[in-house]
Each structure stands twice: as C-alpha cells, then as structure tokens.
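> Sharing a structure below in structure tokens format, with a few things to ask.
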Amino acid sequence: MNIKPIKIIIFLAVLIWPLSGLKAAETNAGQAVFVAQNEVITGNLFAAGDTITVDGVISGDLIAAAKSITVNGRIEGDIIAVAQNIHVNGEIGGNVRIFGNSLIINGSVARNVNALGSEITIGEKARIGWDTLIMASNTQIKGVIDGALNVYCKQAIISGKIGKTATFKVYDENQAQSIIISKGAIINGDLNYTAKNKVDIKEGAEISGQTNYKMPQIKTKNNVATWAWERLFSILSIILIGLIFIFVTPQNTRKLLIEMRAKFGKLMLIGLIVFLIVPPLAIVLVITIIGIPLAAILLAIWLALILLAKTLVAILVGELIIKDLIKFQTNFFWTLLVGSIVISLLFSLPFIGWIIKLIIICLGLGSLSFYVTNQSKNI
C-alpha cells in the first residue's frame, strides 16, 4: 500500500489533535464510565476505562480510550477515541476521529469522519455532513455521506448514498473482487478507484459522474513513505497492546513500573537471560520430537512477552517524559501515547536503533519475568 507520508501525518494529526481541550475537561477513569441519559456534562469529557457508555449529553468533546466505547446520546463537539470496539449511534455536532478494531457509525455526524480500523461500517441510519476518510481491511457504506468519500481498503461494499466524489484505493491485489457498488447505491459525483480488479457495479446503482479506473502502479520503493508507514503501525500496535496494561491491569502495571525504576540493572540482566535462553531451549525441544508442541508454545509465549515488554517500557518512557521531565500529572493513556511515539522513533535510528530495541526488550522481559516469578509476594 503506497500512501504518501503527508497522508499519514494528517491522519494522525486529526486523530489526536485537540489535546489543548484537556485543560478544561472533566476527567473520568475507571473500569466503567457511564453518562446517564438525563445527565449533561458541560465542557469536554476525557474518559479512560474498560467500557465507556454515553447516553446523555456532552457539550464539548469526548476524548476517550477504552476496550469498548458506545455513544447513544449527543456530543456537541468532536469524538476522538481509541478502542477495540466503537459504536456511534447518537448525534455528533463536530467531527469523529476514531481508531480501533471494529468501528460502527450509525448516527448523525455534522462534520467529518476519519476512521482507521479492521472492520468499519457506516450503518443505514448514519448521516455524515461533510467528508469521510476510511482506512480499513473491510468497509461497508450503507448510510448517507453528504460530502466526499475516500477509502483505503482490501474490500469495500457501497449500498448507501455519497453526495460527492467517491475514491477508492485497494491495497490487496489478491482479492477476487475488491469493490462492489450494490443495487440502490447512489454516487452524486465521480467514482475513482485504483485496484487490480475492476469495480463490480450492480444493476440499479446510480453514478452521476464518470467512472475512472487505474491499475496499481509498480513503483520503486519510497524509503520515506515506507519509514513513515512502518512507524505508524509500530505506534498503533504498541497502543493497542498497551490498552491491556492500562485498562485491564492498571494496578499491576503500576507495580511493574515501580520495579523497573528501582531495579533497572537487575531486571536488564534477567531480561537478557530470558531473551537469549528461550530460542536455544526451543531448538532442544524440537530435536526431541515429542517436544515440538512444547517448543511452539514456548516460542509463542516468548514472542508475546517481547510485544508486551516493548509496550510496558513505552509506558515507562512516557511517564519519565511527562511526569518527571515536564512535571505534568496525567494518566496511563497519555504516557502510553507519548512513550510509544518516542520508542518507535528510537527503534528507527540508524546503527543504534537495534541496540535501543534490545535494551528496551530486555528491560521489559526482565520486569515481566521477575514479577511473574514473585507473584506470590505481590498478592
């Protein structure tokens, strides 16, 4: 998928931009955050929890991070949210900027929608006033988009109404059919698409403008675009894994951070031993034949711990920057965000990036291993 770096920068900017609103925001954090149907929150709401449900009214923005977010009420400002699952069923007076796994918009949005996820659906009851930008694996457009639609996807099904131009770029060339314009779909503008396969326009679909088709061009590798795209996915993957630490086990995460600060050298040594000893041990198990399943399980756990280790250290780095250096008190989500950006950039440094990555992995592995082996003392 070839996307210009500026598009990545713009998307990240619109996703996390309005942090200045936090100074006047009401803050909620916990396992569940609930705004009741008759409740009115004046100003912005900054929420972090396992589940977030808004049935009432927020007069400002909703800035949220959770495993699951559901908005049934009215938000007069914007939604800026990160979660595994996000459902927007209510009325949004501003923009919607969301990132997650499953994203569903089935309400009214006065301005723009920017969404990045695996499965994205614009439902039948959705009405989006301005433009929509979607980056997804699979997307379905069933509702009404008054403005333009821009989609980067593997597969897309359009059965709703697009007020202006619809532009698609398919990045998986192996799909048998990538774009389907269903019966009853209306596009009041041009249909532009870049894909290996031509669009499947069903009988009864209406396209007012021209249909412009381009085959994907084989280009020489753009190092800047590749670097930016790799950094983007590195940051987002760390954030997604980090949701486990900050929302599922926040107390244990705090204990791990304290241990890393107090026993840096010891944990580095433990982590280095774990990092180096597991692959040879897995090879020995494979040689025994009967140990092949055990070797596979051991390597899977080892790889999972490496991912968790990087995420845990990202939270620590963010905390050192925000709380220790800047002297600003905040919660885990913002330390995770800052830390993930910082370590992802450090990983990309020439010559020393791999050394920094090794140090971070060993520190995180050591912390997790030490904590697990001393679990009885922590209970």
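> Sticking with the crude label model, points 7 Å out along Cα→Cβ, report the distance from V284 to K125 in nm, one decimal please.
6.0
> Charges at C-beta only: +1 for Lys and Arg, -1 for Asp and Glu. How large is the resulting dipole of the chain about its Cα centre, in Debye rounded to 20?
Around 900 debye, computed over the chain.
> Right, next: Which one of V113, V151, V40 has the biggest mean-square fluctuation once the chain is modelled by GNM with Cα springs under 10 Å?
Looking only at V113, V151, V40, the largest GNM fluctuation is found for V40.
> Taking only C-alpha pairs under 8 Å that are 6+ residues apart, what is the relative contact order of region 223-378 in percent?
About 35 percent, as a whole number.
> If you keep only loop residues by DSSP, which trypsin sites (Lys or Arg not before Pro) in region 309-356 have at most 16 other Cβ atoms within 10 Å of their Cβ?
Answer by residue number: K327.
> Further, regarding this structure: Could you identify which residue out of G364, G353, G100 has the top mean-square fluctuation in a GNM of the chain using Cα springs shorter than 10 Å?
With Cα springs under 10 Å in the chain, the top fluctuation among G364, G353, G100 is at G353.
> Fully extended, how many nm does the chain gain between I359 and T226 (0.36 nm per residue separation, minus their Cα-Cα distance)?
Length gained, I359 through T226: 45.4 nm.
> Right, next: Which of F275, Q251, T70 sits farthest toward the positive end of the charge dipole of the chain, with +1 on the Cβ of Lys and Arg and -1 on the Cβ of Asp and Glu?
Farthest along the dipole direction, towards plus: F275.
> Tell me the label-point distance for the pair T42, K255, using the 7 Å Cα-to-Cβ offset, in nm and rounded to one decimal.
The two pseudo-label positions are separated by 4.2 nm.
> Give the long-range amide H neighbours of E206: residues separated by 5 or more places, or on another chain, with amide H under 5 Å away, using H modelled in the peptide plane at 1.01 Å from N.
Those qualifying (amide H under 5 Å, at least 5 residues apart or on another chain) are G184, A185, I186, I187.
> Per 0.36 nm of contour for each residue apart, how much would the distance between N188 and L349 grow if the chain were fully extended, relative to their Cα-Cα spacing?
Additional length available on full extension: 53.3 nm.
> On to the next question. Rounded to the nearest 500, what is the 222 nm mean residue ellipticity of the chain from helices alone, with -39500 (n - 2.57) per DSSP H run of 4+ residues and division by all residues?
Mean residue ellipticity at 222 nm (helix-derived): -12500 deg cm²/dmol.
> Short version: ³J(HN,Hα) in whole Hz for each residue of region 244-251, in order, from phi by Karplus 6.51 cos²θ - 1.76 cosθ + 1.60 (θ = phi - 60°), x for Gly and Pro, what are they?
Result, ordered by residue: 5, 5, 8, 10, 8, 10, x, 5 Hz.
> Now for a different question. Test of understanding: what is the full-extension gain from N101 to N197, defined as 0.36 nm times their sequence separation minus their Cα-Cα distance?
My answer for the length gained is 32.0 nm.
> With a ≥ b ≥ c the root eigenvalues of the C-alpha gyration tensor of region 264-379, is it rounded (a/c under 1.5), prolate (a/b larger than b/c) or oblate?
Note, shape of region 264-379 comes out prolate.
> Related question: In degrees, nearest 10, range 0 to 90: what is the angle between the Cα axis of helix 332-347 and the longest Cα principal axis of the chain?
With rounding to tens, the tilt is 80 degrees.
> Note down the nm distance, to one decimal, between modelled labels 7 Å out along Cα→Cβ at L325 and at I292.
Simple spin-label model gives 4.9 nm for this pair.
> Return the single residue from L45, L276, L365 with maximal mean-square fluctuation; model: Gaussian network over the chain, springs between Cα atoms under 10 Å.
In this elastic network of the chain, the residue with the biggest mean-square fluctuation among L45, L276, L365 is L276.
> Given a cut-off of 22 Å, name the pairs among K67/K266; K161/K183; K169/K310 whose C-alpha atoms lie farther apart than that in the structure shown.
K67/K266; K169/K310
> To continue, here is another question. Based on the alpha-carbon gyration tensor of the chain and its eigenvalue square roots a ≥ b ≥ c, which shape applies: rounded if a/c is under 1.5, prolate if not and a/b is larger than b/c, or oblate?
The shape class here is oblate.
Where a number appears in this text, it was derived from the coordinates with a stated rule and is not lab data. Keep in mind it's a predicted model, so treat the numbers as computed, not measured. Reconstructed Cβ throughout: ideal geometry from the backbone, glycine too, with neighbour counts over all protein chains shown.
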